[in-house]
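What follows is a single structure, written as structure tokens, with notes after it.
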Amino acid sequence: MRTKRTIIAAAAALALITMAAGCSSPNPSGAKPASAASTAPVTITFATNMTGSGAGTPVATNKLLAEFHKKYPNVTVQLQTAQSTALQPLIQLAFASKKVPDVFNFWRPQPAFNMDKYIATGQLADLTSIAKPMKDEFPASAWATATVDGKVRGLPLVNFAVPLIVNTQVFKKAGLPLPTTWKLLVSDVAALKKQGIIPWTVSTQPVNQSDDRLFDYVLDRSLGNQKALDLFQGKGSFTSPNVQKAVDDYMSISTNMGPSDAAALDDNAAIAKYLNTGKSAMLIDNSGYLPAIDKSLGPDMKVIPFPTIPGGQQKTTNVERDLTTLLYASTASLKDPAKKTAVTNFLTFMTSVSAQTEFANNSVLVPAIKAKPDATLTGPLFAQLQTVQATQAGDKWLGNARTPSQQQTFYPLMAQQWAGAFTSKEFAQQLDTMFKQ
């Protein structure tokens with residue numbers, strides 16, 4: 001999942017709360033605890049932005065911490081808490097001062113989050129042996145993200161996905177079929193526009209970063225995920241014939257096809273104003289915005305695969321998804337005989353199938369293949385997405401290939417494109433200038 005990189009003083013992020021944590025029953029993940037019989041008192045630190053008040057993630061995390069305490073009453077988990085992206089300076093300070101928490105949750109192990117630098121310090125544990133017993137519980141794509149230079153650096157915890165969601169009642173009232181093929185999608189967008197219905201629910205505010213999602217899918221379907229990623233790394237040209245065709249296809253279904261006030265609305269506001277009221281027909285956005293969709297509309301909302309494009313390289317309807325949060329440990333904690341057992345038990349419990357199901361029941365998207373949320377708790381739309389994203393092949397978000405500085409100029413460009421500022425060739429040339437090396 002993408003995060004707002006607001007710079008917050010690390011000192012303000014450090015709020016220490018001591019809490020006992022453990023659990024009960026056999027380890028649900030199937031991984032053997034390092035030595036569950038040990039009763040010697042031990043304290044481990046857990047840096048997190050997943051607790052606190054509110055629905056969803058905090059409810060699940062707090063419940064799991066309480067369950068962990070019931071199972072391992074000898075373990076005290078000392079929380080180092082931060083709000084949202086304030087976790088980043090907290091962790092940065094921890095590595096700089098060589099006081100890495102025993103366990104912490106964090107974003108994907110990629111340079112955009114400084115994880116390459118943290119790994120290079122030797123302070124981030126190799127979790128390969130701990131991950132081995134749970135290999136089949138998560139898709140191969142999750143382990144590919146979690147693995148750096150052949151070593152598992154984090155255990156999968158939370159996912160993000162970018163589904164195509166359609167309001168079936170809008171299509172029904174418009175007398176249109178659902179866009180299950182590229183041909184239908186192209187004709188549906190034009191027909192919706194003609195009837196005064198906004199085809200796409202989108203915000204073009206740079207901070208929300210939702211206006212590139214449709215572009216991602218068209219590029220992936222046309223070129224394949226890796227070649228699309230390569231483009232944003234400067235390995236190719238947006239003006240080459242095959243890429244220009246993809247840009248043409250994208251422009252044909254996007255330009256002037258969003259709300260006229262998209263620049264004034266964030267994602268939540270756009271969903272509330274247009275998708276929830278039936279004024280718009282479709283949404284492609286980060287799954288983190290699903291709670292903004294009115295649950296009473298659940299039966300009307302449907303997740304459908306983004307269609308393949310005739311002549312395109314991608315022949316399967318992959319879904320854009322990846323790990324947004326992983327669970328990490330410090331090298332020192334796993335080398336410490338007094339802490340190793342507690343840390344290993346904590347890691348395996350918090351990433352177990354039962355823990356993943358608890359997150360899913362609180363409408364938190366998770367990577368575990370066998371996590372089946374209770375639709376009566378989450379609503380049918382979330383339950384559908386959880387199943388779809390856990391079973392379909394995945395594509396990486398193309399933003400992984402863009403630097404933070406490139407993002408700052410890319411999103412305003414996307415906003416201009418949605419508003420009709422460019423021809424297709426002009427847009428391709430702008431992208432080429434921005435990314436080609």
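Only the coordinates and a few stated rules stand behind these numbers; no lab work does. The structure presented is a predicted model; accordingly, all values stated were derived computationally and were not measured. Neighbour counts are summed over all protein chains in view; Cβ atoms, including those assigned to glycine, are modelled from backbone coordinates with ideal geometry.
Order these by the 10 Å Cβ neighbour count, fewest first: Met350, Met414.
Met414, Met350
Show which lysines lie in cross-link reach of Lys132 when reach means a straight Cα distance below 21 angstrom and same-chain residues fewer than eight apart are skipped.
Counting by Cα, and skipping residues close in sequence, Lys132 has these lysines nearby: Lys32, Lys151, Lys335, Lys339, Lys340, Lys370.
Please give the charge dipole size of the stretch 293-437, origin at the Cα centre, charges +1 on K and R Cβ atoms and -1 on D and E Cβ atoms. Round to the nearest 20 debye. Walk me through the numbers on the way to the answer.
Working: 13 positive and 10 negative charges, 83 e Å.
The dipole magnitude comes to about 400 debye.
Measure nothing but the geometry: give the 0 to 90° angle between the long axis through the Cα atoms of 340-350 and the longest principal axis through the Cα atoms of the chain, rounded to 10°.
Computed tilt is about 30 degrees.
On a C-alpha basis, how far is the centre of the stretch 311-334 from the centre of the stretch 400-437 in Å? Whole number, if you could?
Value for the Cα centre distance between the two parts: 25 Å.
Need the full-extension length gain, Lys295 to Lys194, defined as separation in residues times 0.36 nm minus the C-alpha distance. One decimal, nm.
Net length gain for the segment: 33.5 nm.
In straight Cα distance, which lysines are under 29 Å from Lys425, not counting same-chain residues fewer than 8 positions off?
Those lysines meeting the cut-off are Lys183, Lys193, Lys194, Lys227, Lys235, Lys245, Lys315, Lys396, Lys436.
If you count, for each residue, the other Cβ atoms within 10 Å and average over each peptide, how do 385-393, 42-50 line up from highest to lowest?
Highest mean packing first, the order is 42-50, 385-393.
Tell me whether the stretch 36-187 comes out rounded, prolate or oblate; compute the Cα gyration tensor, take square roots of the eigenvalues as a ≥ b ≥ c, and use a/c under 1.5 as the rounded threshold.
prolate
What shape does the stretch 130-289 take by its C-alpha gyration tensor, where a ≥ b ≥ c are the square roots of the eigenvalues and a/c under 1.5 counts as rounded, a/b above b/c as prolate, and the rest as oblate?
prolate
Aspartates and glutamates within cross-link reach of Lys70: Cα-Cα under 19 Å, excluding same-chain residues under 8 positions apart?
Those aspartates and glutamates meeting the cut-off are Glu358.
Roughly how big is the chain's charge dipole about its Cα centre, with Cβ charges of +1 (Lys, Arg) and -1 (Asp, Glu), in debye to the nearest 20?
Dipole magnitude for the chain comes out near 520 debye.
Starting from the Cα gyration tensor of the stretch 340-396, take the square roots of the eigenvalues, sort them a ≥ b ≥ c, and report rounded, prolate or oblate (rounded when a/c is under 1.5, otherwise prolate if a/b is larger than b/c, else oblate).
It is oblate, given that a/c is not under 1.5 and a/b is not larger than b/c.
Would you indicate which of (1) -0.26, -0.47, -0.72, -1.29; (2) -0.24, -0.44, -0.70, -1.45; (3) -0.22, -0.40, -0.64, -1.30 is the value of log10 I(q)/I(0) by the Debye sum over Cα atoms at q = 0.06, 0.08, 0.10, 0.14 Å⁻¹ derived from the coordinates of this structure?
Derived directly from the coordinates: (1).
Could the peptides 139-152, 172-185, 314-327, 207-220 be put in order, highest first, of the mean number of other beta-carbon atoms found within 10 Å of their residues?
Ranked by mean Cβ neighbours within 10 Å, highest first: 207-220, 314-327, 139-152, 172-185.
To the nearest 500 deg cm²/dmol, what mean residue ellipticity at 222 nm is calculated for the chain from DSSP H runs of n ≥ 4 alone, each contributing -39,500 (n - 2.57), summed and divided by the residues?
Per the formula, -11000 deg cm²/dmol.
Take every Cα pair under 8 Å in the stretch 115-256 that's 6+ residues apart, average their separations, divide by the length, and report that relative contact order as a whole percent.
It comes to 13 percent, rounded to a whole number.
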